[in-house]
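Take a look at the structure below.
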Amino acid sequence: MATNPEIERRRTFAIVAHPDAGKTSLTEKFLLFGGQIQVAGAVKSNKIKKTATSDWMDIEKQRGISVTTSVMEFDYKDYKVNILDTPGHQDFAEDTYRTLTAVDSVIIVVDGAKGVETQTRKLMEVCRMRNTPVIIFVNKMDREAKDPFDLMDELEEELVIQVRPLTWPIESGPRFKGVYNLYEHNLNLFQPSKQVVTEKVEVDITTEELDNRIGHDLADKLRGELELIEGVYPEFNVDEYLKGETAPVFFGSALNNFGVEELLNTFVEIAPSPRPVKAEERTVMPDEAKFTGFIFKITANIDPNHRSCIAFCKVCSGKFSRNVPYYHVRHDKTMRFSSPTQFMAQRKTTVDEAWAGDIIGLPDNGTFKIGDTLTEGEHLHFRGLPSFSPEMFKYIENADPMKQKQLAKGIDQLMDEGVAQLFVNQFNGRKIIGTVGQLQFEVIQYRLEHEYNAKCRWEPVSLYKACWIEGDDLAELEAFKKRKYQYMAKDREGRDVFLADSNYVLQMAQMDFKHIKFHFTSEF
């Protein structure tokens with residue numbers, strides 16, 4: 001693995017969860033410990049007018065949800081930590097899946113009362129596909145929660161991974177007393193406070209001091225439970241965690257800043273530094289001398305005063321330097337970047353250099369697409385950034401004839417971001433937007449109006465699925481297109497897309513045209 005000390009001290013991870021499990025609150029508390037923010041903005045509280053640092057789009061502040069992945073970095077102890085706070089809502093799952101290609105490990109947040117929810121399961125599948133190491137944080141222990149042993153069983157069963165608690169809760173809800181740290185063998189007593197850090201006590205659990213701290217009954221119960229944990233769960237093994245086979249579990253309350261520091265301390269210690277990345281041509285090692293990186297996300301209008309896009313580039317190897325010419329593989333030309341930035345949510349600062357594991361923002365005026373590779377001259381293609389086949393479709397129409405140009409530009413930039421996919425129907429030339437979830441249509445309409453000053457309206461179109469088609473038998477391909485000409489479209493790359501209006505029609509097409517391949521992700 002990496003031997004360069006700069007690369008060794010990098011920790012790049014994503015926080016993922018079902019909506020409302022407390023991801024954004026946890027991100028904020030990390031930033032609080034990293035000294036990046038002085039006061040945690042309570043996301044939902046109207047008393048504190050500062051909203052959550054990582055949710056900066058207007059629509060996010062109104063809804064209290066994250067709709068786009070935000071990137072933040074801070075220094076903690078001797079480590080440089082890069083966090084990607086992802087949207088939990090399933091309508092933005094695609095943004096989250098793509099983000100997972102740019103991180104070395106993941107923290108999954110689970111609500112202590114609700115346990116594992118559908119979106120959490122899906123995200124875990126993506127981590128499993130890539131063998132990404134996972135840490136689980138069981139949040140909201142200051143509210144009534146499930147029995148911790150039941151929760152452990154549920155995590156193991158639902159997420160199909162071995163679990164090992166590293167901290168253990170003493171009761172939950174109003175009776176919540178704190179957590180015992182099995183990794184460092186000390187007791188953390190809970191004081192409900194959103195701003196200050198709780199006290200830690202070194203306690204020998206065999207002595208009466210524990211009884212004095214939490215009461216005789218709870219002390220006995222805790223001793224019994226700890227004994228049971230040692231008996232049931234194998235000892236925590238860092239190598240198994242790094243292989244993605246075991247997930248350490250922490251308990252706490254992100255809103256009250258409890259159990260977060262233990263999580264962060266253990267995380268920086270055991271989480272992997274940047275890992276090798278597979279390209280189509282070869283595997284790229286992080287400590288190679290030459291710079292390589294790929295674009296995994298594009299965001300328009302981080303600064304509403306400047307209609308600019310930012311392309312997020314994950315540095316895979318070597319060192320990125322400002323104003324040095326780098327080779328853009330798809331365009332086959334070199335480019336210089338005079339103002340690469342790093343982020344603290346919306347606040348960004350220009351950086352002179354970045355190392356493998358870092359995430360940098362490059363100003364983009366239409367030169368980048370998701371999946372583009374930058375190198376020092378080598379022809380490399382990083383893969384694993386698919387677009388999924390959309391499941392909801394609407395015609396997009398211009399609602400203000402005077403703003404045709406603004407609408408076209410807006411749609412173009414939002415599609416570059418990968419917010420949704422655009423298909424042009426070959427039969428009537430109308431534009432169809434395909435998304436993974438209903439909420440994305442609202443976000444697109446809202447952002448077109450507020451960021452591009454363009455109004456659109458949606459018209460229904462009844463379709464079941466979009467799939468990309470290809471075939472070696474050109475005659476058969478032509479016959480298929482003729483027969484289905486009303487349902488044929490082109491995507492932005494000019495590839496053929498079949499818009500099936502029902503599952504039955506799709507199955508019949510697959511049976512009738514044996515030599516045509518139907519793809520449900522754009523990566524083939």
| remark: Residue pairs qualifying under the 8 Å Cβ cut-off, at least six apart or on distinct chains, with the first in segment 465-487 being free of Cβ contacts under 8 Å to residues at least 60 places away in the same chain and the second being surrounded by 12 or more Cβ atoms within 10 Å (Cβ to Cβ) and assigned to a helix (DSSP H, G or I), are ILE469/LEU477; ILE469/PHE480; GLU470/LEU477; GLY471/LEU477; GLY471/PHE480; PHE480/ALA509; LYS484/ALA509
| request: Give me a count of the residues in segment 154-175 that are β-branched (Val, Ile, Thr) and either modelled with pLDDT of 90 or more or closer than 16 Å to THR120 by Cα (or both). | output: 3
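Here is a yes/no grid of residues against (1) in a loop (DSSP other than H, G, I, E, B); (2) open to solvent by 50 Å² or more (accessible area, probe 1.4 Å); (3) within 28 Å of ASP364 (Cβ to Cβ):
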| site | (1), (2), (3) |
| --- | --- |
| LEU263 | no, no, no |
| PHE267 | no, no, no |
| PRO274 | yes, no, yes |
| LYS278 | no, yes, yes |
| GLU281 | yes, yes, yes |
| PRO286 | yes, no, yes |
| GLY293 | no, no, yes |
| PHE296 | no, no, yes |
| message | Return the pair list, or none, for Cβ contacts closer than 6 Å from residues in segment 358-376 that are on the phi > 0 side of the Ramachandran plot to residues that are modelled with pLDDT under 85, at least 6 apart or on different chains. | response | GLY371/LEU385
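Does ASP364 fit the bill of being touching a helix residue (DSSP H, G or I) at 6+ places or on another chain (Cβ under 9 Å), crowded, with 18+ Cβ neighbours inside 10 Å and within 30 Å of LYS319 (Cα to Cα)?
yes
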| Test result for VAL81, closer than 30 Å to ASP150 by Cα, open to solvent by less than 10 Å² (accessible area, probe 1.4 Å) and at pLDDT 85 or above | no
| field | Tally of residues being open to solvent by 10 Å² or more (accessible area, probe 1.4 Å), outside any loop (DSSP other than H, G, I, E, B) and not basic (Lys, Arg) across segment 1-28 | value | 5
| Is at least one residue of segment 369-389 open to solvent by 50 Å² or more (accessible area, probe 1.4 Å) and among the aliphatic types (A, V, I, L, M)? | no
| When LEU226 is evaluated against the numbered criteria (1) under 23 Å from PHE149 (Cβ atoms); (2) modelled with pLDDT under 75; (3) surrounded by 14 or more Cβ atoms within 10 Å (Cβ to Cβ), which criterion, by number, is the only one it fails? | (2)
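Matching residues to (1) surrounded by 14 or more Cβ atoms within 10 Å (Cβ to Cβ); (2) modelled with pLDDT under 90; (3) within 27 Å of LYS369 (Cβ to Cβ); (4) charged (D, E, K, R):
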position	(1), (2), (3), (4)
TYR446	yes, yes, yes, no
GLU470	no, yes, yes, yes
ALA479	yes, no, no, no
MET488	yes, no, yes, no
PHE498	yes, no, yes, no
PHE524	no, yes, yes, no
| note | Scanning segment 267-281 for residues that are touching a Pro at 6+ places or on another chain (Cβ under 7 Å) and under 21 Å from GLY112 (Cα atoms) gives none
| Residues of segment 394-444 classified as β-branched (Val, Ile, Thr), open to solvent by 30 Å² or more (accessible area, probe 1.4 Å) and at pLDDT 90 or above, total | 1
| task | For residues that are outside any loop (DSSP other than H, G, I, E, B), out of contact with any Cys (no Cβ under 9 Å at 6 or more places or on another chain) and touching a residue at least 40 places away in the same chain (Cβ under 8 Å), tally how many sit in segment 123-148. | result | 9
| said: Between a residue in segment 493-520 that is closer than 15 Å to PHE423 by Cα and any residue that is outside any strand (DSSP E or B) and of a type in the set (D, E, K, R), which pairs come within a Cβ distance under 8 Å, given they are 6 or more apart or on different chains? | reply: ASP496/LYS481; VAL497/ASP491; PHE498/LYS484
| field | Members of segment 354-380 that are part of a loop (DSSP other than H, G, I, E, B), over 16 Å from CYS309 (Cβ atoms) and not charged (D, E, K, R) | value | ALA356, GLY357, GLY377, HIS379, LEU380
| remark: Scanning segment 381-393 for residues that are part of a loop (DSSP other than H, G, I, E, B) and farther than 15 Å from VAL419 by Cα, the one modelled with the lowest pLDDT turns out to be GLY384
| Criterion violated by ARG457 - all others in (1) in a helix (DSSP H, G or I); (2) open to solvent by 90 Å² or more (accessible area, probe 1.4 Å); (3) touching a residue at least 40 places away in the same chain (Cβ under 8 Å) satisfied | (1)
| message | Quick check on ASP512: is it open to solvent by 10 Å² or more (accessible area, probe 1.4 Å), acidic (Asp, Glu), closer than 14 Å to PHE393 by Cα and out of contact with any Lys or Arg (no Cβ under 7 Å at 6 or more places or on another chain)? | response | no
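The values are calculated or read from the model by the stated rules, or taken from the named source; none is laboratory data. Since we're looking at a predicted model, the values are computed, not measured. Cβ: placed from backbone, ideal geometry, glycine included. Neighbour counts: every protein chain shown. To get the accessible areas, we keep the full protein, side chains included, count just its heavy atoms, and leave off ligands, DNA and RNA. Shrake-Rupley method; radii C 1.70, N 1.55, O 1.52, S 1.80 Å.
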